[in-house]
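Here is the structure we will look at, set down as structure tokens.
The values are calculated or read from the model by the stated rules, or taken from the named source; none is laboratory data. On a predicted model such as this, the values are computed, not experimentally measured, just so you know. Cβ placement follows ideal geometry from the backbone for every residue including glycine, while neighbour counts extend to all protein chains displayed.
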Amino acid sequence: MRKSIISTLVSLSLAAAAAPLAFAQSTAAPSAAPQRAQPAFRMPSERVEARLAYQKTALKITDAQAAQWDAYANVVRKHAQQADQRVQQRRARMAEAQGGERKRPTAIERLERRQQMLTVAAARSTELLTVQKPLYAALSADQQRIADEVMAPRGKRGGGHFRAARHGRA
């Protein structure tokens with residue numbers, strides 16, 4: 001009984017606190033153009049240190065595993081810096097295209113770009129696998145179970161949901 005009274009009082013106080021905020025938002029004058037929220041991370045390298053810190057903490061890396069971890073972390077950092085360069089190049093191409101008429105690539109040009117992207121992705125995967133195998137081998141069984149979750153390739157955890165969402169399939 002006491003818990004239900006306390007939860008009711010907490011709910012009422014939260015509702016009372018939120019009501020003036022909702023009213024203030026509804027009476028504010030609408031802005032001329034909608035504001036887009038800035039993403040927390042604009043470049044891949046901005047989030048890599050946080051991701052590495054999370055992985056290292058989750059895996060509980062020991063001093064004996066530090067050398068393998070450092071090799072892995074350095075490759076991940078290098079890949080993030082390379083991704084930054086690709087993002088900057090893409091943004092520069094888009095800025096140039098906005099100034100004039102944008103020519104749509106031919107089917108052959110699109111296929112060549114795809115081939116180049118896949119070649120780069122395969123090289124990155126090979127490099128990452130080269131350092132991740134020794135790290136994984138140095139982990140205990142419990143750490144390996146955790147690594148299977150926290151070191152999985154991004155975008156693949158939900159069965160490729162990112163690609164499906166991008167193409168209108170959810």
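Couple of notes before you dig in:
- Pair list, Cβ < 8 Å and 6+ apart or interchain, from segment 132-148 residues that are modelled with pLDDT of 95 or more to residues that are loosely packed, with under 12 Cβ neighbours inside 10 Å: ALA138/ALA64
- Segment 149-161 - residue that is part of a loop (DSSP other than H, G, I, E, B) and at pLDDT 70 or above and, of those, nearest to ALA71 (Cα to Cα): MET151
- The condition of being among the small types (Gly, Ala, Ser) and surrounded by 11 or more Cβ atoms within 10 Å (Cβ to Cβ) holds for only one of ALA137, ALA53, ALA95, that being ALA53.
- Qualifying residue in segment 59-67 (condition: among the hydroxyl-bearing types (Ser, Thr, Tyr), in a helix (DSSP H, G or I), over 16 Å from the mean Cα position of the chain (by Cα) and surrounded by 12 or more Cβ atoms within 10 Å (Cβ to Cβ)): no
- Any hit, segment 44-52, residues being of a type outside the set (Ser, Thr, Tyr) and under 17 Å from ILE146 (Cβ atoms): yes
- Candidates PRO34, PRO30, PRO20: the one that is at pLDDT below 75, in a helix (DSSP H, G or I) and over 24 Å from ALA121 (Cβ atoms) is PRO20.
- Of everything in segment 68-106 that is in contact with a helix residue (DSSP H, G or I) (Cβ under 9 Å, 6 or more places away or on another chain), in a helix (DSSP H, G or I) and charged (D, E, K, R), the residue that is nearest to ALA152 (Cα to Cα) is ARG77.
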